[in-house]
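Here's the structure, in structure tokens; my notes come after.
The values are calculated or read from the model by the stated rules, or taken from the named source; none is laboratory data. Just so it is clear, the structure is predicted and the values come from calculations on it, not from any experiment. Don't worry about glycine lacking a Cβ; one is built from the backbone with ideal geometry, like all the others, and counts go over all protein chains shown. The accessibility values were calculated without ligands, DNA or RNA, using every heavy atom of the protein model including side chains. Shrake-Rupley method; radii C 1.70, N 1.55, O 1.52, S 1.80 Å.
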Amino acid sequence: MPLKKYDKILVINSGSSSLKFMLFSMSTETMLAKGLVERIGTPNANLVYQRDGQAKQQQGIAAENHGKALAMACAMLVDPENGVLKSLREVNAIGHRVVHGAEFFSDAVVVTEDVKASIKKCADLAPLHNPANLDGIVACETVFPNVPNVAIFDTAFHQSMPKHAFTYALPQRYYDEYRIRKYGFHGTSHKFVAQAAADYLKRPLEELSLITCHLGNGSSIAAIKGGKVLDTTMGLTPLPGLIMGTRCGDIDPAIIFFLSRKGMSIDEIDNVLNKQSGLLGVNGLDSGDMRDTVTAAAQGKAAAQNALDMFGHRAALYIGGYFTLLGGADAVIFTGGIGENSIPGRKAIVSRLDALGCKLDEARNKAVFGTLGPISTETSKLPAVVIPTNEELMIARETFRVLARAMKK
Ligand code: ADP
């Protein structure tokens with residue numbers, strides 16, 4: 001019985017200097033404990049640990065690499081006082097977030113030597129993320145030698161995009177040689193909320209056309225028809241599309257040549273477009289945070305109001321386009337830090353969707369804060385609904401699904 005065999009699933013999100021973990025019991029889909037090791041490889045490494053329903057604990061630890069960080073995290077999981085396991089042998093499987101799967105992976109997979117080699121090959125496309133994700137996998141192989149590892153890719157869900165949507169109008173040789181194309185990101189979140197939307201609408205996902213908006217520091221929208229992605233706003237990298245916390249989203253690519261000819265290096269331009277643009281670039285504040293933007297706009301600061309209007313305008317442009325491509329939609333879903341919590345951030349978008357039959361209900365919008373619920377009027381033809389995402393649970397579900405499928409073979 002797979003349910004029992006894969007009950008305790010550990011979810012790992014390994015970054016270059018951090019390792020986040022969450023332990024689930026899949027029979028009830030409950031989170032048992034979670035935590036984070038920060039500043040791995042520095043003398044100030046720190047472990048934050050929280051057992052479900054209890055207060056957070058913090059302690060400085062020695063963690064010169066990801067293996068040590070994981071070992072310290074695991075010590076907490078089996079700690080007689082604060083732990084949730086008697087022994088690490090209770091961990092049945094491990095699910096890893098991997099940012100880029102390129103065209104190698106259109107689904108989650110059990111990690112093998114070949115899979116690790118392919119993840120390494122994708123490092124070209126995600127140089128900051130994939131090597132760190134791989135470090136997390138290798139650490140788990142050491143600490144849990146006989147436990148299966150499953151890789152869940154941010155890009156995998158978007159692999160269902162049709163060729164005409166993912167191809168850039170560049171000479172074909174750049175695709176042939178470098179696989180330059182649109183990949184899309186936040187796939188785990190888009191997939192999670194699409195499934196949750198089907199539950200909410202009480203219809204099978206296969207029958208639905210959905211526009212899912214994951215709005216956080218990084219933001220993307222996906223058009224999903226019958227559970228398959230038709231198009232999404234991010235591309236080869238997470239830079240294009242929406243206006244984000246510090247990323248510019250869509251700009252005229254010739255701006256890059258212009259700035260280069262003005263004497264800026266490619267690295268400087270990269271830094272400006274990824275880290276100094278978006279809300280931060282235009283809101284007149286020292287912050288790319290939506291809360292700060294909204295507060296300043298409410299105080300009458302024109303630059304912040306313009307940033308908010310730009311954010312809403314750009315998102316509405318994509319939602320309208322995706323509505324057309326889908327041939328109409330059953331719902332627009334909002335998720336991520338802004339989608340779940342920012343009443344003015346959602347208003348900036350939904351107030352621009354009247355032409356699609358989606359009318360903002362101010363009272364509903366104010367009432368939905370970090371919870372599931374509609375924010376459009378009762379009579380809207382196109383409902384706008386907030387659905388909190390849970391990427392870690394989705395990774396645990398995918399891990400379970402892939403292993404249960406492998407068992408059946
Ligand atoms: P990330 O992409 O880093 O995961 P999040 O999904 O946490 O980011 O989203 C961060 C954004 O969400 C920020 O712009 C922040 O202002 C906004 N946000 C988070 N919590 C709230 C809240 N309680 N109220 C309003 N905005 C919020």
Taking residue 351, is it at negative phi, of a type in the set (Ser, Thr, Tyr) and over 18 Å from the mean Cα position of the chain (by Cα)?
yes
Elements of type helices (runs of 4 or more DSSP H) in segment 92-188, at least 1 residues being open to solvent by 70 Å² or more (accessible area, probe 1.4 Å) and more than 26 Å from residue 18 (Cβ to Cβ)
113-121, 163-166, 172-178
Going by the conditions given, is residue 109 touching a strand residue (DSSP E or B) at 6+ places or on another chain (Cβ under 7 Å), at pLDDT 95 or above and farther than 21 Å from residue 147 by Cα?
no
Please go through segment 197-225 and give me each residue that is assigned to a helix (DSSP H, G or I) and open to solvent by 20 Å² or more (accessible area, probe 1.4 Å), ordered by number.
199, 200, 201, 205, 206, 207
Check segment 17-31 and report whether any residue there is of a type outside the set (Lys, Arg), more than 29 Å from residue 184 (Cα to Cα), touching a helix residue (DSSP H, G or I) at 6+ places or on another chain (Cβ under 9 Å) and open to solvent by less than 50 Å² (accessible area, probe 1.4 Å).
no
State yes or no: is residue 283 in contact (Cβ under 8 Å) with a residue 12 or more places away in the chain, within 13 Å of the ligand (Cβ to nearest atom) and under 30 Å from residue 206 (Cα atoms)?
no
Residues in segment 328-347 that are open to solvent by 10 Å² or more (accessible area, probe 1.4 Å) and more than 8 Å from the ligand (Cβ to nearest atom): how many?
5
From 143, 147, which residue is out of contact with any strand residue (DSSP E or B) (no Cβ under 9 Å at 6 or more places or on another chain) and among the aliphatic types (A, V, I, L, M)?
143
Within segment 311-344, the residues that are over 19 Å from the mean Cα position of the chain (by Cα) and either more than 15 Å from residue 221 (Cβ to Cβ) or of a type in the set (Phe, Trp, Tyr) (or both) are 322, 323, 327, 328, 330, 343, 344
